[in-house]
There are 2 protein chains.
Amino acid sequence: MFGTPWADGTASISQCAINPGETFIYRFKVPKAGTYFYHGHYGMQRSAGLYGSLIVDVAKGEKEPFQYDGEFNLLLSDWWHKASEEQEVALSSKPFRWIGEPQTLLINGRGQYNCSLAAKFNKSSDVPTCQFSGNEQCAPQTLHVQPNKTYRLRLASTTALASLNFAIGNHKIKVVEADGNYVQPFVVDEMDIYSGESYSILFKTDQDPSQNYWISLSVRGRLPKTPEARTILNYSPSSPSNLPNSPPPVAPIWNDYNHSKTFSNKILSQIGSPKPPPSFDRRIILLNTQNHIDGYIKWSINNVSLLLPTTPYLGSIKFGLKGAFDHKKPPQTYPIDYNVMMPAPNTNATYGNGIYMLDFNSTVDVILQNANALAVNVSEIHPWHLHGHDFWVLAYGDGKFTKEDEKKFNLKNPPLRNTAVIFPYGWTALRFVANNPGVWAFHCHIEPHLHMGMGVVFAEGVHLIGKVPNDAFSCGLTGKILNHKG
Amino acid sequence: MFGTPWADGTASISQCAINPGETFIYRFKVPKAGTYFYHGHYGMQRSAGLYGSLIVDVAKGEKEPFQYDGEFNLLLSDWWHKASEEQEVALSSKPFRWIGEPQTLLINGRGQYNCSLAAKFNKSSDVPTCQFSGNEQCAPQTLHVQPNKTYRLRLASTTALASLNFAIGNHKIKVVEADGNYVQPFVVDEMDIYSGESYSILFKTDQDPSQNYWISLSVRGRLPKTPEARTILNYSPSSPSNLPNSPPPVAPIWNDYNHSKTFSNKILSQIGSPKPPPSFDRRIILLNTQNHIDGYIKWSINNVSLLLPTTPYLGSIKFGLKGAFDHKKPPQTYPIDYNVMMPAPNTNATYGNGIYMLDFNSTVDVILQNANALAVNVSEIHPWHLHGHDFWVLAYGDGKFTKEDEKKFNLKNPPLRNTAVIFPYGWTALRFVANNPGVWAFHCHIEPHLHMGMGVVFAEGVHLIGKVPNDAFSCGLTGKILNHKG
């Protein structure tokens, strides 16, 4: 969105949290068609289920660059039996208590627990077959299709933790859109999808119509302790209650990162898409580490763990307040001798709430540098999501980014996205133009990681921001000012 | 307090909740000397430890009606190992999950867990003796006294759940103050103290000064699963690290309610205290029941479980808003044929947020009527606390209150208090003058019970309320009005 930075929905950044029972109306102009989703951006409310799809259709008279006969929309998520408030307490405790893996993966809010649709195909068949009549509120949403058609499937992942792999048994899938941007179409058997990402894929119903087929979702990047999620692709006139005869798709090995990198590198912009500026005005290098602060476990960026202020940045900047946040510049890089392959020699970090002030319309490169976490031989996947902009993904690389790695940048047809992953011990290079007046979060989309401080804040063109609704700033120092005008 | 109803500190009633990181200044005139305490009044923050003592000294030139040589202040509380947020989630879950008994009783925030100061006196000595050097932050606070003196001990209970019994081994205690009001002094061996109550007691150091003595705290009214709390009364020149030679005081049996009633009935107002008006203008009968709402377990008053509104009553009334809460009158009594000795025939209740509007300066009688909870043969103790007023406790009775019971009212020297208990299957009659313009909570001071809806709201003289600070009303509908004035 442009022109309405107060409608971004980020508590402490673009507005005050909406208190229980209060209403807040978001009004913004939708800039382009595509597959999106919305979710709560306070505490761990996304984990609690506060999310939904947001599909923007092409404008009247305009056409998508591909054709299809029908459309489905699947929002993917993960689910814990412990309430999100209990998870927050656990993560913020000393000693630290990890929330563990989700109990269930959900497709449009529906999943299976203690039973499996595909139990008869399980090798160690200790889980019974799920008994659904199909009409239960919790029954998996069956995708009903006609033979010999092309369908568009919109996929988005709002998982709190899980990185996912998606497959339709016996069907190829053609990727055509990523994060609301058309991509150069390519065909795969299965695909990864990280939290924060969205895709459109096309598939042809070119298989035996007397059968049904599995739709399957599995965990990537973490030793999977969560059963695969499943639903049914139902060919007409086959009965939707017929379980597929063939076994479900075999998920790639969870830690086969080369498999994941191959997929990520296939995503390129559609011909005719905007190209990145050939050079950058500013480069910010962000080292991702896991740290200790006063005995708590945190994630830090260049050794600073984000602790959001009481007064939203957008308000305190608009109102010209001092003291609402730290006006010192946060670190632009990390020590040159830091060994990203090992735990930090000194694991201590600090809290911070400073922001990266970007020159308006400047071209910014961000190098996300992954590293070893607190434990030896551990480095995790982090999908980083930028608010208010798309960025070009110039390259993914292994080890420590150096100036030499610029040679690997794809400046010809890099994909435009709003979320990009860093792989274990790797780096990811992004480029964007700071052309959207506002204050914007940039953070790991894994919700417990963000809760533990894994994010930074960018701001640009704040002098150009127009009127903001007072409703958005009724808390903290801005709230005090508004109250005393009355 | 008078004249500052916005400074009462009750979220949703007298003000908006103070959001994380925000400040709010309470400014009020202290009307009289006494022993008080303060605590958070949102969610279950009291259980989380958000409380402290508030001691008001007599004004210069004035004297207490008793003498003493030294003074101690003990704030009593209970402690769970599960975070209060987790407790809130459990209580608000379907199926309901009870929080269980506290792990520890605390004296000035200090307690013992998995060890006992008096282990050698325990019959089943499976718990080791606590090893304190005395300087630890968690070590019990020893009371150092000189022989042959009189000490004042201020006691207040801010427990979330536990009703308590307090004793000093080998010492008599003289009760002289209750809830900030002087009482007719009386002497006991031990005393009950319920959540919300405060007392001053006097004791003489008339025992063998070569010994130390136990100070002991035990649970009443619930099968005690929490060990007794202990600290040491240390006579000079005896070493504070000498544990007493005599066994700790024996606590009364937890369900000996006659014992408790005897104590409560001993509390009478000091000669010369204000007497209650001889008659009432309005009588409100409040039946206390445990109920179901949509499968959740709640507490209800006349079948209505309190669910507080988003906009604080005080603000919505001052601003003249409609629609911020239910303006229908809540029920004044309960069906005449209701059997308080049995579970309700229909256990379903409803949510409500209506308020009892009281005529200014009218005399109000409240009959708190206890009843059977959801399970057969269960009726619990509830200490009811009134904001903004003291009330006279006219009588405690058993069974169902009837007009005949008026004969039992003590109109001569009933104690003035702000908290009074209802005993299992009993009733308690209170009288107060609605002379304090404001909106006032009246509720069970057991925090999980209030969280489950066990309260009502009174309001009086709202047209007489002066200016209220806008800061108190920056949420909900009042917040919207304030923001749009800007």
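By the gyration tensor of its Cα atoms, with a ≥ b ≥ c the square roots of the eigenvalues, what is the shape of segment B:129-175: rounded for a/c under 1.5, prolate for a/b over b/c, or oblate? Since a/c reaches 1.5 but b/c is at least a/b, the shape of segment B:129-175 is classed as oblate. For segment A:311-398, the square roots of the Cα gyration tensor eigenvalues, ordered a ≥ b ≥ c, give a/c of at least 1.5 with a/b no greater than b/c, which places it in the oblate category.
Could you give the size of the charge dipole of the protein assembly as shown about its Cα centre, using +1 on the Cβ of each K and R and -1 on the Cβ of each D and E, expressed in debye and rounded to the nearest 20? Write out the running numbers ahead of the final one.
Values: 84 positive and 78 negative charges, 245 e Å.
With only Lys, Arg, Asp and Glu charged at Cβ, the dipole is about 1180 debye.
A Stokes-Einstein calculation at 10 °C with viscosity 1.306 mPa s, built on the Kirkwood radius of segment A:225-265 over Cα pairs, returns a diffusion coefficient of 120 µm²/s.
Rolling a 1.4 Å probe across all protein chains gives A:K149 an accessible area of roughly 80 Å².
Under 5 Å from the amide H of B:L394 lie the amide H atoms of B:A429, B:L430, B:R431, each residue being 5 or more positions distant or on a separate chain, with H modelled from the backbone and absent for Pro and chain starts. Three semi-axes describe the equivalent ellipsoid of segment A:381-486; taken as square roots of 5 times the Cα gyration tensor eigenvalues and ordered largest first, they are 35, 17, 10 Å.
Which net charge results for the neighbourhood of B:H171, defined as the other residues with beta-carbon distances under 14 angstrom from its beta-carbon, given Lys and Arg at +1 and Asp and Glu at -1?
Numbers: positive: B:K149, B:R152, B:K172, B:K174, B:K204; negative: B:D189, B:E190, B:D206, B:D208.
Here the charged neighbours net out to +1.
Taking a quarter of the surface of the Cα convex hull of segment A:349-394 gives a mean projected area of 5.0 nm².
For segment B:335-352, the Karplus equation 6.51 cos²θ - 1.76 cosθ + 1.60, evaluated at θ = phi - 60°, returns couplings of x, 5, 8, 5, 9, 6, 8, 10, x, 4, x, 10, 7, 6, 10, 10, 7, x Hz by residue, with Gly and Pro reported as x. Here the Karplus curve 6.51 cos²θ - 1.76 cosθ + 1.60, taken at θ = phi - 60°, turns the phi angles of segment A:225-232 into couplings of 10, 10, x, 5, 8, 9, 9, 10 Hz, with x standing for Gly and Pro.
Report, in listed order, any pair from B:K266/B:K407; B:K204/B:K275; B:K261/B:K412; A:K275/A:K408 with a Cα-Cα distance greater than 25 Å.
Details: B:K266/B:K407 18 Å; B:K204/B:K275 31 Å; B:K261/B:K412 19 Å; A:K275/A:K408 16 Å.
From B:K266/B:K407; B:K204/B:K275; B:K261/B:K412; A:K275/A:K408, over 25 Å: B:K204/B:K275.
Straight-line reach from B:K120: taking Cα to Cα under 16 Å and skipping same-chain neighbours fewer than 8 places apart, the aspartates and glutamates in range are B:E228.
Of all the C-alpha pairs in segment A:387-442, what % are more than 16 Å from each other? Mind showing how you got there, number by number?
Working: 717 of 1540 pairs.
Above the 16 Å cut-off, segment A:387-442 has 47 percent of its Cα pairs.
For chain B, hydrophobic long helices are taken as DSSP H runs at least 24 Å long by C-alpha position along their axis with mean Kyte-Doolittle hydropathy of 1.0 or more; none is present. Each of A:R110, A:R97, A:R222, A:R417 has its accessible area taken with a 1.4 Å probe; listed largest first, they run A:R97, A:R110, A:R222, A:R417. Per residue, the convex hull spanned by the alpha carbons of segment B:91-142 comes to 116 Å³. Heavy-atom accessible area, probed at 1.4 angstrom with all protein chains present, ranks A:M191, B:M357 as B:M357, A:M191, highest first. Can you tell me how segment B:192-257 classifies by the Cα gyration tensor, rounded, prolate or oblate, using a/c under 1.5 as the rounded cut? Prolate, because a/c is 1.5 or more and a/b exceeds b/c.
Listed by chain and number, the aspartates and glutamates whose C-alpha is less than 20 Å from the C-alpha of A:K32, apart from same-chain residues fewer than 8 away, are A:D8, A:D57, A:E62, A:E64, A:E71, A:E177, A:D179, A:E197, A:D390. With one equal scatterer per alpha carbon and no solvent term, the Debye-computed log10 I(q)/I(0) for segment B:180-224 at 0.23, 0.27 1/Å reads -1.09, -1.23.
How big is D for the protein assembly as shown, in µm² s⁻¹ as a whole number, if Stokes-Einstein is applied with the Kirkwood radius of its Cα pairs at 10 °C and 1.306 mPa s? Kindly include the intermediate steps, with their values, before the conclusion.
Numbers: Rh = 32.0 Å.
Answer from the Stokes-Einstein relation: 50 µm²/s.
Buried surface between chains A and B: roughly 2100 Å² of accessible area, summed over both sides, computed with a 1.4 Å probe on protein heavy atoms only.
Annotation for segment B:186-240 versus segment A:281-352: alpha-carbon center distance of 50 Å. Interface residues of segment A:57-93, defined as a loss of at least 40 Å² in heavy-atom accessible area between the chain alone and the complex of all protein chains with a 1.4 Å probe, are A:E86, A:V89.
For the protein assembly as shown, the carbon plus sulfur part of the accessible surface works out to 53%, probe radius 1.4 Å. Using the alpha-carbon positions of chain B, Rg (one decimal) and Dmax (whole number) come out as 22.7, 71 Å.
Might you tell me the accessible area per residue for the protein assembly as shown, computed with a 1.4 Å probe and given in Å²? Before the final figure, lay out each step's value.
On the way: 41160 Å² over 972 residues.
Computed with neighbouring chains in place, this is 42 Å² per residue.
In plain terms, if you count all Cα to Cα distances in segment B:255-409 and split them into 10 Å steps from zero, the share in each step is 8, 32, 36, 20, 4, 0 percent.
Using alpha carbons only, how many angstrom separate the centre of segment B:94-127 from the centre of segment B:392-456? Cα centroid to Cα centroid, the span is 31 Å.
Just reorder B:H449, A:H144 by solvent-accessible area, largest first, 1.4 Å probe, all chains present. Each step should come with its number before you reach the end.
Details: B:H449 5, A:H144 105 Å².
So, going from the largest accessible area down, we get A:H144, B:H449.
Taking a quarter of the surface of the Cα convex hull of segment A:198-298 gives a mean projected area of 12.4 nm². A simple rule links phi to the HN-Hα coupling: the Karplus curve 6.51 cos²θ - 1.76 cosθ + 1.60 with θ = phi - 60°, which for segment B:290-296 gives 9, 9, 10, 9, 6, x, 8 Hz, with x for Gly and Pro. Ignoring lysines fewer than eight residues from A:K298 along the same chain, the ones with Cα atoms less than 26 angstrom from its Cα are A:K82, A:K94, A:K225, A:K328, A:K329, A:K400, B:K82. In segment A:3-28, the residues that give up 10 Å² or more of accessible area when the other protein chains are added, compared with the chain on its own (1.4 Å probe), are A:N19, A:P20, A:G21, A:E22, A:T23.
In segment A:464-486, the residues that give up 50 Å² or more of accessible area when the other protein chains are added, compared with the chain on its own (1.4 Å probe), are A:N470, A:D471, A:S474, A:K480, A:N483, A:G486.
The values are calculated or read from the model by the stated rules, or taken from the named source; none is laboratory data. On a predicted model such as this, the values are computed, not experimentally measured, just so you know. Reconstructed Cβ throughout: ideal geometry from the backbone, glycine too, with neighbour counts over all protein chains shown. Calculation scope for accessible area: heavy atoms of the full protein, side chains included, ligands and nucleic acids excluded. Shrake-Rupley method; radii C 1.70, N 1.55, O 1.52, S 1.80 Å.
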